[in-house]
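Asks: Quick one: structure below, then a few questions.
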Amino acid sequence: MVNSIVWFRNDLRITDNAVINYSLENNRKVLPVYIYDPSTSLGSASKWWLKNSLISLNKSLKGNLIVIEGEPSKILLDLVNKNNIKEILWNERYSKDDRSQDNEIKNIIKNHEVNFITFHSCLLKNPQNTLKKDATPFKVYTPFYKQQYQGMTYELYNYNTEEIDYIDCGHKEQHLKILDDFIKTEKWHEKLHDKWVPGEAGAQEKLKVFLSNGLNGYSEGRNRPDKQYTSMLSPHIRFGEISIREVAKSIENINTEDAEIFYKELVWREFSYHLLYHFPHLVDTNLQKKFNKFKWLDNKNHLESWQKGMTGYPIIDAGMRQLYQTGYMHNRVRMIVGSFLVKNLMLHWSHGQEWFWDTLVDADIASNSASWQWIAGTGADAAPYFRIFNPITQSKKFDPDGVYIKKYVHELKDIPSNIIHMPSDCDAETLKNYGLILGEDYPSPIVDLSITRDRALSAFKELSTEK
Ligand SMILES: Cc1cc2nc3c(=O)[nH]c(=O)nc-3n(C[C@H](O)[C@H](O)[C@H](O)COP(=O)(O)OP(=O)(O)OC[C@H]3O[C@@H](n4cnc5c(N)ncnc54)[C@H](O)[C@@H]3O)c2cc1C
């Protein structure tokens, strides 16, 4: 019998996982491993999620998961030698750094008579195979969707996880204790426990609830942060606790606009990975080079007010506080706060990308980078330069009664809905009657919307019209 390492990375599940399927079909004895590599940067919220997800995965694997901290090639080599390993199995990762690390590992270990067998279980399709007819990558979402994904159906793997045959390497209980040493719990994390259940069971529950409560009405409802229409699956998908094919399959036979729009959102994730794979510098460089000479502003006070949810614009402050309190922000609000940062404050999109990276439980290298470039207008298929979200109009439209605002901006809990979207438009006496003194209980707006809008329009227009 062949001994194989199953190296878990962004696929922390045992169901519908190509690697597990291969090991069962080929009667492998497996050593499931997770390597925590301190050189890869993970945000604080992601670390919390990862730790809890690994605890859950270990249960699914009947306590057989080995968790080790260190440099992956060294650790794998050591495990190969100690356990007579002949094969290493993994699902591919797609960022430039991950891909070069994987190639390096293959080079280091290939002299040890070990085979590498790799799969693509983290996406619906291998991004290498989603090129245009002329073999160049897509830069526009709609043709990408239509030519590559529309009408696709998905087959899931069918196997019995009870049949997984584990290599016994002892000291199992030590491995999870190690997690406490290298992923420190921060006070901030306590709040996340109230909100999320990382792991496969939590993911399945979210999908079930979404299919019965959210999907019907999703196409309109997904824009409403004051209601619960979206699936909240993003961190589960990010860590691969649920197979993306399983999510797509769950709506495959539902012929409604809601199901199609939801499927299209899953394909936005694929599009982000397509961009990341074919334009690896997406993470740190403007996709449209002309923006390299854009004169972003540098204002630490503004950045800090944005991060803390103290801008004086209630919908923005609600979003930023939702993020800090729960590790999540509604998609519509992500767009509003993003536009405010890059257009009204004119701060570089990388500030937003970094803050989201640290605080989102679903922080994802492809979706986060592509979305920030989209918002800034610097990316592929990006928002046009003149698209500047007006936070007040957006707030009135998508949170008409201020329910979302009041949930996160407690200072405004007694403010009526006709005033709540922009308290500073109201006179001080009226606000006082509702128990609010602007500048004391809640900040005055940090910038003027109309002045900063005009400033952004002329700055972006200059560059955007350049070829
Ligand atoms: C500035 C900005 C940064 C973002 N950063 C991330 C990120 O780091 N990680 C992340 O997963 N999403 C990111 N998104 C996309 C989107 O906001 C989240 O995927 C969505 O809010 C997650 O909530 P949900 O699971 O309830 O979504 P649903 O509406 O239920 O969508 C289902 C799934 O589709 C995928 N999806 C939905 N919308 C998008 C999108 N626009 N782009 C890519 N995938 C999408 C997600 O996997 C999501 O879980 C970002 C969006 C913006 C505007």
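Asks: Sort 153-159, 266-272 by packing, meaning the average of other beta carbons within 10 Å per residue, with the highest value first.
Replies: Working: 153-159: 12.4, 266-272: 21.4.
So the order, starting with the most tightly packed, is 266-272, 153-159.
Asks: Nothing charged except the Cβ atoms of Lys and Arg (+1) and of Asp and Glu (-1): what's the magnitude of the dipole of the range 289-464 about its Cα centre? Round to the nearest 20 debye. Provide the component values of the computation, followed by the final result.
Replies: Details: 20 positive and 20 negative charges, 137 e Å.
Using Cβ point charges on Lys, Arg, Asp and Glu, the range 289-464 gives about 660 debye.
Asks: If you keep only loop residues by DSSP, which GluC sites (Glu not before Pro) in the range 42-128 have at most 13 other Cβ atoms within 10 Å of their Cβ?
Replies: Values: sites: 69, 87, 92, 104, 113; in loops: 92, 113.
Listed in order of number, the matching sites are 113.
Asks: Using only Cα atoms, tell me the angle between helix 449-464 and the longest principal axis of the chain; keep it within 0 to 90° and round to the nearest 10.
Replies: The angle comes out at about 50 degrees.
Asks: Quick check: pseudo-label points 7 Å beyond the Cα along Cα→Cβ at residue 128 and residue 253, how many nm apart are they?
Replies: About 3.4 nm, to one decimal.
Asks: Let me ask something additional. Using the Cα centre as the reference, give the magnitude of the dipole from point charges on the C-beta atoms of the chain (Lys, Arg: +1; Asp, Glu: -1; all else neutral), rounded to the nearest 20 debye.
Replies: Values: 58 positive and 60 negative charges, 182 e Å.
In debye, rounded to 20, the chain gives about 880.
Asks: Using only Cα atoms and rounding to the nearest 10 degrees, what angle (0 to 90) does helix 96-109 make with the longest principal axis of the chain?
Replies: That works out to roughly 10 degrees.
Asks: Still on this structure, I have one more. State the extension gain, in nm to one decimal, for the chain segment bounded by residue 197 and residue 146, taking 0.36 nm per residue of separation less the distance between their alpha-carbons.
Replies: Numbers: separation 51, 0.36 × 51 = 18.36 nm, distance 3.47 nm.
My answer for the length gained is 14.9 nm.
Asks: Would you calculate the separation in nanometres between label points at residue 154 and residue 185, each defined as 7 Å from the Cα along the Cα-to-beta-carbon direction?
Replies: Modelled inter-label distance: 3.4 nm.
Asks: Which residues in the range 376-419 place their backbone N less than 14 Å from a point set 7 Å from the Cα of residue 331 along the Cα-to-Cβ direction?
Replies: In the range 376-419, the label zone of residue 331 (backbone N under 14 Å from the point 7 Å along Cα→Cβ) covers no residue.
Asks: How much length would be gained if the chain were fully extended between residue 106 and residue 455, taking 0.36 nm per residue of separation minus their Cα-Cα distance, in nm to one decimal? Show your work: numbers first, answer last.
Replies: Working: separation 349, 0.36 × 349 = 125.64 nm, distance 5.11 nm.
Taking 0.36 nm per residue and subtracting the Cα distance, the gain is 120.5 nm.
Asks: Among the trypsin sites (Lys or Arg not before Pro) in the range 130-177, which ones are in a DSSP loop with at most 12 other Cβ atoms within 10 Å of the Cβ? Mind listing them?
Replies: Working: sites: 132, 133, 139, 146, 172, 177; in loops: 132, 133, 139.
Those that pass, being in a loop and sparsely packed, are 133.
Asks: Given the whole protein assembly as supplied and a 1.4 Å probe, what does the accessible area of residue 450 come to in Å², nearest 10?
Replies: We get 70 Å² for residue 450.
Asks: Cut-off 13 Å, label point 7 angstrom out along Cα-to-Cβ of residue 41: give me the residues of the range 268-285 whose amide nitrogen falls inside.
Replies: Output list for this probe position: 283-285.
Asks: Taking a label point 7 Å from the Cα of residue 401 along the Cα→Cβ vector, which residues of the range 409-433 have an amide N closer than 12 Å to it?
Replies: Backbone N within reach: 417.
Asks: Amide H to amide H, which residues 5 or more places from residue 69 or on other chains are under 5 Å from it, using H placed in the peptide plane?
Replies: Excluding prolines and chain starts, which carry no amide H, the hits are 36.
Asks: In the chain, with Lys and Arg counted as +1 and Asp and Glu as -1 at Cβ, which of these residues, 336, 60, 279, has the Cα nearest the positive end of the dipole, that is, farthest along it?
Replies: With unit charges placed on the Cβ atoms, the residue in question is 279.
Asks: Could I ask something else about it? What 222 nm value per residue comes from the helices of the chain, counting each DSSP H run with n ≥ 4 as -39,500 (n - 2.57) and dividing by all residues, nearest 500 deg cm²/dmol?
Replies: Details: 22 runs with 219 residues, N = 467.
After summing the helix terms and dividing by the residues of the chain, the value is -13500 deg cm²/dmol.
Asks: Here's something else I'd like to know. To the nearest Å, what is the center-to-center distance of the range 107-126 and the range 410-453, using C-alpha atoms only?
Replies: Between the Cα centre of the range 107-126 and that of the range 410-453, the gap is 56 Å.
Asks: Here's something else I'd like to know. Which of the trypsin sites (Lys or Arg not before Pro) found in the range 185-232 are loop residues per DSSP with 12 or fewer other Cβ atoms within 10 Å of their Cβ? Working shown, then result.
Replies: Working: sites: 187, 191, 195, 206, 208, 222, 227; in loops: 187, 222, 227.
In loop regions of the range 185-232 (DSSP not H, G, I, E or B), the sparsely surrounded trypsin sites (Lys or Arg not before Pro) are 187.
The values are calculated or read from the model by the stated rules, or taken from the named source; none is laboratory data. Just so it is clear, the model here is predicted, and its values are computed rather than measured. Virtual Cβ from ideal backbone geometry, glycine too; neighbours counted across all protein chains shown. We work out accessible area using only protein heavy atoms, side chains counted, and drop any ligands, DNA or RNA first. Shrake-Rupley method; radii C 1.70, N 1.55, O 1.52, S 1.80 Å.
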